[in-house]
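For reference, the structure discussed in these notes is given below.
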Amino acid sequence: MKVFLAFGVVLSLLSAFAAGAEPGLVLSPESEESPPPENALDVLMKTLMNEDVFDGKPYGLEGNYVVVRKEKGPLGPGGVTGRVRLIALRREDGIYDRALFLEITSGAPETSPFLITLPSDVQGFDSKIEIKRFTAPDRAEVLLSLQSGRRSQERFLIIEAKEGGRVLYDSQLTKLPTIKGKFFNNYRAEVIAQETGERLQIDLSGRKELYNRRLVYNEASGTLRSPVTVWGDRYDAFRPADVDGDGVYELKGVLELYGVGRADCVAYVEATLKYSSGQWTVADCWLVPAEDLARLPEPIRLQ
């Protein structure tokens, strides 16, 4: 009964909003002296979406721009707290067109806010902003994650928190650690991390029945019928982790490696990327047999 009553109250409020009443005056008649209220549905949507009003005119922008995400953190010199806001354009039908800009307010009194234009192919609005240091202890970057509706793929961008800020990392473009591997006779496999030279020998004897049934091995001799290459299609999204505790973050991600099919997981790779000398390099690759998945540390471990 309480649920139905609460729902009825919400419907009453929505009806009042749609009729043009201000949220605080739903049960009272409007004053003739009060200015015309803002469109009630716009007010409701802004409240639900936690939007800020964004005035694009100081930046030479015309249109209905909105703030879809915001975050505060140490952006200015000496760790002065600043603010990052993700700006999108909302069409007349109420749909967000796409993420367009980051507005950076460093917090330093002598520095004015500025906009950073995002790549034109950035999509998705289930977003998250983090302010961290990836390049040096005295420089801040913005980690922007966007969930795309296409295959629910998450895209990560690391952007310099300064005017003209460059994209330092793009999960769709940055070269990732190269892993190669193959099956051998007698139910064995090996994978190699090319950048670090790490090798992992894998015992496949616990899967003899599967491989014999799928005609991968000759059951009598244990020899391969044809070559099998170990493969993996894409890394689980790289996430920030301060590996050595120096205040500068690295990126960690996990790749699942398969044998004869996607259901045949043979190993996992936990890779660490570090920004050094103007580029991301592979700092470490940890190869783990599929049976030892529990050895991967949280929260990197795949669910």
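Summary table below
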| item | result |
| --- | --- |
| Search result, residues across region 63-90 that are over 18 Å from Val142 (Cβ atoms) and touching a Gly at 6+ places or on another chain (Cβ under 7 Å) | Gly63, Tyr65, Leu89 |
| Test: residue in region 209-230 that is under 21 Å from Gln172 (Cβ atoms) and at pLDDT 90 or above | no |
| Of all residues making up region 188-198, the number that are at pLDDT 95 or above and either under 30 Å from Leu146 (Cα atoms) or of a type outside the set (A, V, I, L, M, F, W, C) (or both) | 2 |
| Output for region 106-120, where each listed residue is among the hydroxyl-bearing types (Ser, Thr, Tyr), closer than 18 Å to Ile159 by Cα and outside any strand (DSSP E or B) | Ser106, Ser120 |
| Leu86, sole failed condition from (1) more than 23 Å from Tyr275 (Cα to Cα); (2) part of a strand (DSSP E or B); (3) modelled with pLDDT under 90 | (3) |
| Thr135 vs. criteria modelled with pLDDT of 90 or more, assigned to a loop (DSSP other than H, G, I, E, B) and of a type in the set (S, T, N, Q) | yes |
| Criterion violated by Gly206 - all others in (1) assigned by TED's automatic domain parsing to the domain that holds Arg262; (2) assigned to a loop (DSSP other than H, G, I, E, B); (3) exposed (fewer than 11 other Cβ atoms within 10 Å of the Cβ); (4) not β-branched (Val, Ile, Thr) satisfied | (2) |
| Single condition Glu219 does not satisfy, out of (1) touching a helix residue (DSSP H, G or I) at 6+ places or on another chain (Cβ under 7 Å); (2) surrounded by fewer than 17 Cβ atoms within 10 Å (Cβ to Cβ); (3) touching a residue at least 24 places away in the same chain (Cβ under 8 Å) | (3) |
| Qualifying residue in region 188-197 (condition: farther than 24 Å from Asp236 by Cβ and surrounded by 16 or more Cβ atoms within 10 Å (Cβ to Cβ)) | no |
| In region 60-83, the residues that are outside any strand (DSSP E or B) and within 21 Å of the chain's Cα centre (by Cα) | Leu75 |
| Flag if Val230 is in contact with a helix residue (DSSP H, G or I) (Cβ under 7 Å, 6 or more places away or on another chain), surrounded by 17 or more Cβ atoms within 10 Å (Cβ to Cβ) and not aromatic (Phe, Trp, Tyr) | no |
| Residue in region 146-156 that is touching an Asp or Glu at 6+ places or on another chain (Cβ under 7 Å), assigned to a loop (DSSP other than H, G, I, E, B) and not assigned by TED's automatic domain parsing to the domain that holds Val269 present | no |
| Count - residues of region 157-187 that are modelled with pLDDT of 85 or more, within 26 Å of Glu103 (Cα to Cα) and part of a loop (DSSP other than H, G, I, E, B) | 7 |
| Residues of region 203-217 classified as over 40 Å from the mean Cα position of the chain (by Cα) and hydroxyl-bearing (Ser, Thr, Tyr), total | 1 |
| Scan of region 256-286 for residues that are crowded, with 21+ Cβ neighbours inside 10 Å and either more than 21 Å from the chain's Cα centre (by Cα) or in contact (Cβ under 8 Å) with a residue 60 or more places away in the chain (or both), ordered by number | Leu257, Gly259, Val266, Ala267, Val269, Ala271, Leu273, Tyr275, Cys285 |
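The values are calculated or read from the model by the stated rules, or taken from the named source; none is laboratory data. Predicted, not measured: the structure shown is a model, and the values here were computed from it. Here the Cβ is made from the backbone with ideal geometry for all residues, glycine too, and neighbour counts use every protein chain on show.
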